[in-house]
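J.: Quick one: this structure, given as structure tokens, is what I'll be asking you about.
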Amino acid sequence: MRIVVVGGGIAAAYLANRLKSEDPSLEVLILSEEPYAPYDRIHLCSLVNKSESLESISMPLDPTVRLELNQKITQIDPKRREVYSKNGLFRYDKLIIATGSLPVAPFDVSEIENAAIFRSAKDCYKIANAPLKSEFVMVGSGPIGLELLETLGNMPQVEKITLLVRGKHLYDKHLSIDAIALIGSKLREDGRLRISFEDEIVSYEQESGRITKLVTQKLEIEKPFLLFGIGIAPNIDPFRESLACEKGIVTNLFMQTSDENIYAVGECAEVEGFIAGHVKECTDEANIAVAHILGRDVKEFSRQITTDMLKTERFDLVDVRSPDFAAPYEKVLITSHADSRIDEYFTQGERLIRFVGINSNVDIGYVETVMREGSALDVNYLYQNRLVGERGRLICSCEHLYQKDLEDLVAENSIADFAEFGEYSHAGRVCGRCKKMVQDGIIAAQSLIDPTKPKLSKEEKAHQKEIEAIEAKVAKFNALHPQNGITSENFESALESLDIAKKELNSWVSMVTASMQLHPSFEDVVSKSLRVLNRVPIIWLELSDCSGNSEAFIKSTNPGLEELIFDYISLDYHELLMSSAGDASESALEAVMREQKGRFVLIVEGAVPLGMDGKYLRIGPKGETGLALLQKCAKDAALVIALGSCAYDGGVVAAAPNPTGAVGVAEALGRQDIINLPGCPTNPINIVGTLLSYLMFEELPKCDKFNRPLWAYEGRIHDNCERRGHYELGEFVKEWGDEGAAKGWCLFEMGCKGPYSNANCPTMKFNAGTSWPIQAGHGCMGCVEAGFFDKYANERKVEDEKDSD
Amino acid sequence: MKKIVIDPITRIEGHLRAEVEVDEYGVVQEAYVSGQLFRGIETILQNRDPRDAGLLAGRICGVCTNSHFRGAVSSVEDAYGLSIPKSAEIIRDLMSMALFIQDHVVHFYHLHLLDFVDVVYALGADPKATSKEAHKYVKHPFRNSHEHYEAVLEKLNNFVKSGRLGPFSNGYWGHSAYKLTSEQNLLLLSHYLEALKFQTNISKAIAIFGGKTPHPQSIVVGGVTSVADMLNPQRLNDFIFIIKEAKDFIDRAYLPDMRLLVKAYKDEIKAGVGRANGNFLCVGGYPFDETTNLFESGVVYGHDFKNIEEFDEYKISEEVERAWYEKGAVCYTDLNDDGTLKTAKSDDKYSWIKAPRYDGKTMECGPLARVLVSYSKGNRLIKSFVNEFLEACEIELLDLSSTVGRNAARAIETSYICEYVFKLVSNLIQNVKYYDTQTWGAYKFAELKANAKGRAFLEVPRGVLSHFVEVEGQKISNYSVIAPTTWNATPKNYDGVRGAYEEALVGVKLADAKQPLEVLRVLHSFDPCIACAVHIVDTKGRELSSYKIKI
């Protein structure tokens, strides 16, 4: 599939990278009207004062993404699926428009030397090359204008700055008079700056491409350098003809425009009347569009709380806004002239809908939570927390990183620079506005690093933490099962009395950690927790079964059954192995259920026949039905494991025409929390491994949608098959015993169901790794999949089967 | 008369119930055994492609696993008149032989031993004396250092002390029918543990050619698929070494343990405790060459070993007078309100197991039948194995027809198979050596007969297994199985004649009605496999193949 992205900014680069990471086989093309590769516009200010080069702010881009520069789009033809630029034609399967927005200037400044809008790298170079001793005139006092002002403040070319404000407000018309006064006084601390409120340009004189004189309602300025940092509008002109547009390109909640093959994302898109203005909103939209194009699970777009920050040398401003923010509102103001601090809380009823803080230290995380949950505002709490707290000043509003957090991170992890810092926190990298502060903070915090402390990699750190967490869980497990009455001394003597070689135990531990995809450093934890397993009681029921799973279980190796029953599990009820029978076994069962209520693990083997009121199976002195016995045992079990295909979905017993009305355990019990370990029979590795993971971590393993543990049932057999290479080469067994069969070629043509089956058979194999059905030349029959006896258990290809029906 | 109900019978495959009526002396006067699970595998097999029968029928049992897989495929091959290559037949035999060895050892040690061995009494054993005891039954006992017994003892002690006996809890420990000394108990228990490892190891031999076990997956109509394993010398070598190790355990532990048991229970053996009616059925099989089979076929009536009749498959009939079927369909008449079997009237139905008869008679099959028939018919290979055992234990051939003797026959058979399985491997190697590597007899399925009938008779670990298949329009129209346990655990008919299980139970004396250890012992000696045993009869009520099915 060929996907064309139009745009040259953050959104375009993000989209291209995201597409590639989701599906590397996609062909992705970016069309940018700029002469430069996509760069981060957030840092344009740095180009003005030349603290950064264009290269240093350019966005990392997947190398397989094709990039066409200087392609100003003129038109698209949705029917032919073509995009036209001034000098090219590009075909697409899917088109994503991410052209962003343009500042709105009252007149065209592109041909004027000493006037600029603030949008592209070209504009920045224009500003940076302004003549010395210019008087800069900044039109617009919104966030963009104020940020640019900060940049200009550091430039030697600037002799004077005049800020033209159309109304009476700075930053935002919703700010209080106090806040505007505070911002104004802070700005004026730079002696070169004046602010002219309620003023705008009336006329200007122009001579050979230069403005020589500017006339405003209140001022006349000679030889100005004019800058527009005012409102922006979606950049959508080339698309107006072919797509439905309002202010922006109209999209549905999946960012799809009026043409199903065209998506719009970011500041150019209008989704249900809303136009994004924040990086976070743009990336949310991009993720939705990508998922929708690739047919993945996708949520509809919904607006989230946004957090902005304006950082200047003289003040910080944080602005947290709910998507519901709108007038009318009430406002709670907490101000301090002494600290130059103002907290403004905008409320509707008891709900907080916006917060603006100047030099504030309120916990942004708390504010966002209050806003998100719509909980009542506790003004007293806000008042008590108005002062700069232990965590110091807020540095990154996106990641809620405070001064102290940064210092701790640097000291704890011996972080040397911003690059390393990225492994621990995204601060400075989300919207990027605080990058400089983070960089400075890291440099300042270097003195806090203990030079004698060994420096651990991020992985090492993470493992250390996880191991600590697991050890805590093991300790918790011990605490939860005090009836074990086993002390660490007991364990040791029990282990010593085992005549199994320590080696054997270790090899099992390694195998389990490897097969559960745990890091090798977990081995120690696994082996420790093994010794506490003994006391967990197990009731094993055989219902409508063939005992195949019990037979497989007793063939477990490393540990063998001996080790299992003597040391790791307490197999209290298992009809195949238990010495007692009849009344005595019945009372043994009752004793376990009574004494170990809520603690025992119930393993069920076999299907549950529901036909004839369940009387196809009767068990016990009183002739209880299988279903009744199952319900009785499952009621107080800590965990129910459905073992084998029959317990999973009825298996062979439920194959057509299902004469006994058999179902799996989950269905019989009407429960969703049964762990399924299908297989015919299930590999004992998967039984033991699953038990172990439960006992160790005290929580269920991660499962797929059929409640099969991912660690055992995630991989597709075909993908991990030892014969896969022959499949790729087109080398197939064509009939039993042919040349290919002797050489171990692919069994797909002989009806192998590896491509339809998910399990770890290829890596684990059976009977202590001796073989598995594909190695034995037969092919897989899909025994881990639902209904396999009616779908897969044959020696023919699935498509041929369908044809013959 | 007092009725004793035992359900579940544990340490067997499947759901078996036994009800015995004992007189005031505790002697069993009447017995009813009943299969308590019905799955309807034959019904499920209908309307399927005959080539799929093996994989599905294999699921009849996860313990006999390979047996039904092979039985189903063989019956389909018989229906189509397909012959299979020599090497494929040997590979099937090798898997079967390995299953015999595995199955018999698991049966004796893990499913049966605790009927003879008192775990708690073993704790009082002296390790050194145990080591000495072992030497009475074999020159070089298996793992016989007294340090080893000390370790086992300590392990058991710790286990018992923990108060949580797991699978050993609620056993009839201390029962007067336990006759072994502490040392003998410890010796056998130590082999219980060794045998756990043994059965894991021997299973690898099946997996080498079967892909896995339980439920191997390498047999197809026309041959086997594991040709690459056959051509790999290391795989053959692995197989040989696994069997060699197995043979070591059989000769130095299993067989000596059986000698110990026979000596300890000689009174009971001589009294014929657990003896059935003396009718034995064996279909024989497992050829080594043109003239020699591992087992002979034949039929014995009333322990008359001199006049052995030839096996005639047309004398087999299946009846359901007292089983929960009628006219080829399920006819469940339920249990009594208290959960007991309905047995008051002579036509009350009481089991899911149907009633196969040979020439109208109930028969016993299994290792005992194979040993008796093969020996009596003068099979030259088995002779020395039987003679040696009988002489060492000072018993006669008839004595094997008893609870303990049934086990002895099983052990003799295991040691016999272990010896001759090497001959089979050698035959396979000869084939490969002379370039006979064919493992599949080619056929075009579409060109096979649309309608066909076939059957297969096989000796499998528990006895005679027969599969019958009928194909119409390339689909299975009828399927029927008579498994070994179907013969042995058969219910009565209207005539009230008992099957092997029931007959063997009558006359057994119980020391304590609340602890019916003696009943378990008799039943376990047959190695019951109930999932195998329960089969619906021909659902259309027609004559299947040429076998008389009375419904």
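The values are calculated or read from the model by the stated rules, or taken from the named source; none is laboratory data. Quick caveat, the model's predicted, so the values are computed rather than measured. As a convention, Cβ positions derive from the backbone with ideal geometry for all residues, glycine included, and neighbour counts pool all protein chains shown.
Matching residues to (1) at pLDDT 95 or above; (2) of a type in the set (F, W, Y); (3) over 25 Å from B:I412 (Cα atoms):
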{"position": "B:V220", "(1), (2), (3)": "yes, no, yes"}
{"position": "B:V224", "(1), (2), (3)": "yes, no, yes"}
{"position": "B:A246", "(1), (2), (3)": "yes, no, no"}
{"position": "B:F249", "(1), (2), (3)": "yes, yes, no"}
{"position": "B:L261", "(1), (2), (3)": "yes, no, no"}
{"position": "B:A264", "(1), (2), (3)": "yes, no, no"}
{"position": "B:G274", "(1), (2), (3)": "yes, no, no"}
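J.: If I ask for residues that are within 11 Å of chain A (Cβ to nearest Cβ) and either over 13 Å from B:L193 (Cα atoms) or over 28 Å from the mean Cα position of the chain (by Cα) (or both), which ones from region B:100-111 would you list?
T.: Within region B:100-111, B:Q102, B:D103 qualify.
J.: Does at least one position in region A:448-457 carry a residue that is surrounded by 13 or more Cβ atoms within 10 Å (Cβ to Cβ), part of a helix (DSSP H, G or I) and at pLDDT 80 or above?
T.: The answer is no, given that none of the residues of region A:448-457 is surrounded by 13 or more Cβ atoms within 10 Å (Cβ to Cβ), part of a helix (DSSP H, G or I) and at pLDDT 80 or above.
J.: Taking the criterion of being of a type outside the set (G, A, S), at pLDDT 90 or above, surrounded by fewer than 19 Cβ atoms within 10 Å (Cβ to Cβ) and at positive phi, would at least one residue in region A:173-192 satisfy it?
T.: Checked region A:173-192: no residue is of a type outside the set (G, A, S), at pLDDT 90 or above, surrounded by fewer than 19 Cβ atoms within 10 Å (Cβ to Cβ) and at positive phi.
J.: Enumerate the helices (runs of 4 or more DSSP H) found wholly within region B:362-455, keeping only those where 1 or more residues are among the acidic types (D, E) and closer than 18 Å to B:R259 by Cβ. Give the derivation first.
T.: Details: elements: B:367-376, B:383-393, B:403-433.
The helices (runs of 4 or more DSSP H) meeting that bar are B:383-393, B:403-433.
J.: So, one more: With B:Y172, B:Y178, B:Y149, B:Y137 as the choices, which residue is within 22 Å of B:L517 (Cα to Cα) and at pLDDT 95 or above?
T.: Working: B:Y172 fails: at pLDDT 95 or above; B:Y149 fails: within 22 Å of B:L517 (Cα to Cα); B:Y137 fails: within 22 Å of B:L517 (Cα to Cα).
It is B:Y178.
J.: Taking B:P256 and the conditions (1) under 22 Å from B:P127 (Cβ atoms); (2) crowded, with 24+ Cβ neighbours inside 10 Å; (3) facing another protein chain (nearest Cβ under 9 Å); (4) not polar (S, T, N, Q), which numbered condition does it fall short on, given that it satisfies the others?
T.: Of everything listed in (1) under 22 Å from B:P127 (Cβ atoms); (2) crowded, with 24+ Cβ neighbours inside 10 Å; (3) facing another protein chain (nearest Cβ under 9 Å); (4) not polar (S, T, N, Q), B:P256 misses just condition (3).
J.: Sort out which residues of region A:660-676 are more than 17 Å from B:Q46 (Cα to Cα) and within 10 Å of chain B (Cβ to nearest Cβ), and write them in order of number. Spell out how you get there, then give the answer.
T.: We begin by selecting, within region A:660-676, every residue more than 17 Å from B:Q46 (Cα to Cα); these are A:662-676.
Answer for region A:660-676, where residues must be more than 17 Å from B:Q46 (Cα to Cα) and within 10 Å of chain B (Cβ to nearest Cβ): just A:A662.
J.: In this structure, is B:T213 out of contact with any helix residue (DSSP H, G or I) (no Cβ under 7 Å at 6 or more places or on another chain) and β-branched (V, I, T)? Break it down into steps so the answer makes sense when it comes.
T.: Details: out of contact with any helix residue (DSSP H, G or I) (no Cβ under 7 Å at 6 or more places or on another chain): no; β-branched (V, I, T): yes.
No; evaluated as a whole, the condition is false for this residue.
J.: B:S34 passes all but one of (1) surrounded by fewer than 24 Cβ atoms within 10 Å (Cβ to Cβ); (2) of a type in the set (S, T, N, Q); (3) assigned to a strand (DSSP E or B); which number fails?
T.: (1)
J.: Now for a separate question. What about A:C703, is it within 37 Å of the chain's Cα centre (by Cα) and buried (at least 22 other Cβ atoms within 10 Å of the Cβ)? So that I can check it myself, show each step before the final result.
T.: Values: within 37 Å of the chain's Cα centre (by Cα): yes; buried (at least 22 other Cβ atoms within 10 Å of the Cβ): no.
Criteria not met by A:C703.
J.: Do you know which of the residues in region A:98-121 that are out of contact with any strand residue (DSSP E or B) (no Cβ under 9 Å at 6 or more places or on another chain) and charged (D, E, K, R) is nearest to A:V6 (Cα to Cα)?
T.: Start the filter on region A:98-121 by keeping residues that are out of contact with any strand residue (DSSP E or B) (no Cβ under 9 Å at 6 or more places or on another chain), which leaves A:108, A:111, A:120.
Cutting the leftovers down to charged (D, E, K, R) gives us A:108, A:111.
Numbers: A:D108: 24, A:E111: 25 Å.
Per the criteria, the residue is A:D108.
J.: Let me ask you something else. Under 6 Å between Cβ atoms, at least 6 apart or on separate chains: pull out the pairs that start in region A:764-790 with a residue that is more than 7 Å from chain B (Cβ to nearest Cβ) and end on any residue that is aromatic (F, W, Y).
T.: A:K765/A:W772; A:G782/A:Y756; A:G782/A:F788; A:G782/A:Y792
J.: Does B:I60 fit the bill of being buried (at least 20 other Cβ atoms within 10 Å of the Cβ) and either under 21 Å from B:Y350 (Cα atoms) or at the interface with another protein chain (Cβ under 10 Å from one of its Cβ atoms) (or both)? Spell out how you get there, then give the answer.
T.: Details: buried (at least 20 other Cβ atoms within 10 Å of the Cβ): yes; either under 21 Å from B:Y350 (Cα atoms) or at the interface with another protein chain (Cβ under 10 Å from one of its Cβ atoms) (or both): yes.
Yes.
J.: Just to check your reading of the model, which residue among A:S587, A:S570 is within 7 Å of chain B (Cβ to nearest Cβ), touching a strand residue (DSSP E or B) at 6+ places or on another chain (Cβ under 7 Å) and either in contact (Cβ under 8 Å) with a residue 60 or more places away in the chain or under 25 Å from A:Q631 (Cα atoms) (or both)? So that I can check it myself, show each step before the final result.
T.: On the way: A:S587 fails: touching a strand residue (DSSP E or B) at 6+ places or on another chain (Cβ under 7 Å).
Unique residue meeting the criteria: A:S570.
J.: If you go through region A:637-659 one residue at a time, do you hit one that is assigned to a loop (DSSP other than H, G, I, E, B) and more than 14 Å from every other protein chain (Cβ to nearest Cβ)?
T.: Of region A:637-659, the ones assigned to a loop (DSSP other than H, G, I, E, B) are A:637-638, A:644, A:650, A:655-659.
Now drop any that are not more than 14 Å from every other protein chain (Cβ to nearest Cβ), which leaves A:637-638.
Yes, the conditions are met somewhere in region A:637-659.
J.: Within region B:171-191, can one find any residue that is under 22 Å from A:K555 (Cα atoms) and within 21 Å of the chain's Cα centre (by Cα)? Lay out the reasoning, then the answer.
T.: Residues of region B:171-191 that are under 22 Å from A:K555 (Cα atoms), as a first pass: B:188-191.
Among the residues that remain, those that are also within 21 Å of the chain's Cα centre (by Cα) are: B:191.
Yes, because at least one residue in region B:171-191 is under 22 Å from A:K555 (Cα atoms) and within 21 Å of the chain's Cα centre (by Cα).
J.: Tell me which residues, restricted to region B:119-130, are surrounded by fewer than 21 Cβ atoms within 10 Å (Cβ to Cβ) and within 32 Å of the chain's Cα centre (by Cα).
T.: Selection gives B:V120, B:Y121, B:L123.
J.: While we're here: Go over the candidates B:L390, B:L424, B:L400 one by one and state the one that is farther than 18 Å from B:H104 by Cα, of a type outside the set (D, E) and touching a residue at least 24 places away in the same chain (Cβ under 8 Å). Walk me through how you get there before you give the answer.
T.: Numbers: B:L390 fails: touching a residue at least 24 places away in the same chain (Cβ under 8 Å); B:L400 fails: farther than 18 Å from B:H104 by Cα.
Just a single option satisfies the conditions, and that option is B:L424.
J.: A:G598 - would you say it is out of contact with any strand residue (DSSP E or B) (no Cβ under 7 Å at 6 or more places or on another chain) and either closer than 25 Å to A:P681 by Cβ or in contact (Cβ under 8 Å) with a residue 12 or more places away in the chain (or both)? Can you show your working first?
T.: On the way: out of contact with any strand residue (DSSP E or B) (no Cβ under 7 Å at 6 or more places or on another chain): yes; either closer than 25 Å to A:P681 by Cβ or in contact (Cβ under 8 Å) with a residue 12 or more places away in the chain (or both): yes.
When the stated conditions are applied, A:G598 passes them.
J.: State yes or no: is B:I84 within 14 Å of another protein chain (Cβ to nearest Cβ), under 21 Å from B:H467 (Cα atoms), without any contact (Cβ under 8 Å) to a residue 60 or more places away in the chain and not small (G, A, S)?
T.: Details: within 14 Å of another protein chain (Cβ to nearest Cβ): yes; under 21 Å from B:H467 (Cα atoms): yes; without any contact (Cβ under 8 Å) to a residue 60 or more places away in the chain: no; not small (G, A, S): yes.
It is false that B:I84 is within 14 Å of another protein chain (Cβ to nearest Cβ), under 21 Å from B:H467 (Cα atoms), without any contact (Cβ under 8 Å) to a residue 60 or more places away in the chain and not small (G, A, S).
J.: Turning to a different aspect of this structure: Among the residues of region A:608-638, count how many are within 17 Å of A:N707 (Cα to Cα) and crowded, with 21+ Cβ neighbours inside 10 Å.
T.: The number of residues fulfilling the criteria is 0.
J.: Looking at (1) more than 10 Å from chain A (Cβ to nearest Cβ); (2) within 19 Å of the chain's Cα centre (by Cα); (3) acidic (D, E), which is the one condition that is false for B:E13?
T.: Going through (1) more than 10 Å from chain A (Cβ to nearest Cβ); (2) within 19 Å of the chain's Cα centre (by Cα); (3) acidic (D, E) one by one, B:E13 breaks only (1).
J.: Which of the residues that make up region A:248-269 are closer than 21 Å to A:P143 by Cβ and either charged (D, E, K, R) or surrounded by fewer than 16 Cβ atoms within 10 Å (Cβ to Cβ) (or both)?
T.: A:E267
J.: Checking the structure you have, find out if any residue of region A:142-149 is out of contact with any strand residue (DSSP E or B) (no Cβ under 6 Å at 6 or more places or on another chain) and without any contact (Cβ under 8 Å) to a residue 24 or more places away in the chain.
T.: No; the residues of region A:142-149 include none that is out of contact with any strand residue (DSSP E or B) (no Cβ under 6 Å at 6 or more places or on another chain) and without any contact (Cβ under 8 Å) to a residue 24 or more places away in the chain.
J.: Follow-up question, since we're still on this one. What pairs come out if I take residues in region B:283-298 that are of a type in the set (D, E) and pair them with residues that are assigned to a loop (DSSP other than H, G, I, E, B) whose C-beta lies under 6 Å away, six or more apart or interchain?
T.: The qualifying pairs are B:E296/B:K377; B:E296/B:N379.
J.: Could you run through region A:555-567 and say how many residues are under 21 Å from B:V105 (Cα atoms) and more than 7 Å from chain B (Cβ to nearest Cβ)? So that I can check it myself, show each step before the final result.
T.: To start, the set of residues in region A:555-567 that are under 21 Å from B:V105 (Cα atoms) comprises A:555-566.
Adding the requirement that they be more than 7 Å from chain B (Cβ to nearest Cβ) leaves A:556, A:558-559, A:563-564.
The total comes to 5.
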